[in-house]
Structure formats: C-alpha cells, structure tokens
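*Asks:* I'd like to ask some things about the structure below.
Just so it is clear, none of the values below were taken in a lab; they were calculated from the coordinates. Predicted model only: the values in this text are computed from it and were never measured. Ideal geometry is used to build each Cβ from the backbone, glycine not excepted, and the neighbour counts take in all protein chains shown.
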Amino acid sequence: MDRGRTVPDVKGVIVAGQLRRAPTGRGCGTGWGLEVLSGRLVEVSGTGATASLTMVARVMLEAQRRGDSVAWVTAQDSIFFPPDLLASGIDLGALPVVRVTKAYEVARSAETLLRSGGFALVVLDLGRQQSMSLAVQTRLAGLARRHEATLLALTRKRGSQPSLGSLVAVRADCTRQQRGSRQFDCELRILKDKRGGSAEDRQCGVRHTEQCSGPGDLC
C-alpha cells in the first residue's frame, strides 16, 4: 500500500516541490478550495468525530490534480489514516510527511517549505495548539502571500474558541452527522474571513456541506 513519505526534516522535499509546482493564478471564485484560499493562512478546526480531515483532503486533492506539490507537517504522535486519504484520491507517494519532535519545529518546517516556493499547499497538523505568536504568524502569512501558497492549519478545538491568531485570514469549523451505517453529512462553516473585497465576495457565515461515505466505525 502506498503511504505518505515520512522524512526527518524538510531538506528532502524541497527540490521535488520546486519541480512539481505549477503556475498559479489568483481567482475571485467562491466556495472551499485553492482559488479562494491561495496566499492565505487558514485554520480548520473541530473536535471529536468531525469532517476536518475530509475537508482538508478536498483541498489536497485539488492541488495534486493541478500538478502542485502538497506537504504535511506534524509533531503529533498520531497522524492521518493512510487508507482514508488513499480512498479520497490522494496520491500518497507524492505526499511528503515531515514529522518533528517539538511543537515549535512545526512552524519552522512550514516556513522552510513556504520559502522554497515549491509548494501550493502546506498542511500543519497542530493538534490542540491554541495559539500562535504574532511573530510566527507574520512570517508564515507573509510567505504564503508572497508565493501564492495556502498554509492550512488543522487544529482540534471548538468553533467557539479563539483562532490561532489575528493574522488567520480564514477560519472554518467542521462537523459531521451520521446518516445510516456508512453515510455522513460533512459540514464546513466559515467563522472568520478577512479577505478583501465586498461582503458578497467574503464567505463569513457560509456553510459548505457534502455527503460522504465511509466505514461507520472510523472518524
């Protein structure tokens, strides 16, 4: 079975990312995807059995289908269940996974990946981390904007809790409701949207719902 390529640091993934990165164009479309998230620091949160990974996987798949590189960075003991991403269409052989031992190294690794300009999407699995210093936010958000990349932070907390910080451009909360043994309603609700433009262009309060299938005993 294919699995994400786990590497001890970011040095082994930079060159591959630079080779795979496709030209990007900034669009003004609506919805949940790279077109509206490009160049931004984004947070996706949820607790318990949520649809967070499902919604993140949608963006990952979109990037890979465009020919762009995606990287996953984590300091968590546990990680995504590879068969779930494989079933979603993700090419695990093209997904480098950077695992570090300390929480602060996650942001440092993400900064290195973004600075290379080779990745359209960097996912940070931050677990229960509640906040991020302003200095770190400033560097990461600036690099995402400069390279038109999406930096997507995945956190485990309730939507009523504060976001990672003031420079998070888009904050979304995910929930999941089971309908039958293998059917689920996966909902993503935009809690915060600091994109420019008119109120109509922004998505705050918008709900994006998908019907998903999967084993009834897995989150």
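*Asks:* If you place +1 on the Cβ of every Lys and Arg and -1 on the Cβ of every Asp and Glu, how big does the dipole about the Cα centre of the range 61-190 come out, in debye to the nearest 20?
*Replies:* Working: 18 positive and 12 negative charges, 69 e Å.
Approximately 320 debye in magnitude.
*Asks:* Where does the charge balance sit around residue 129 when Lys and Arg score +1, Asp and Glu -1, over other residues with C-beta under 10 Å from its C-beta?
*Replies:* Working: positive: 128, 156, 157; negative: 125.
Here the count lands on +2.
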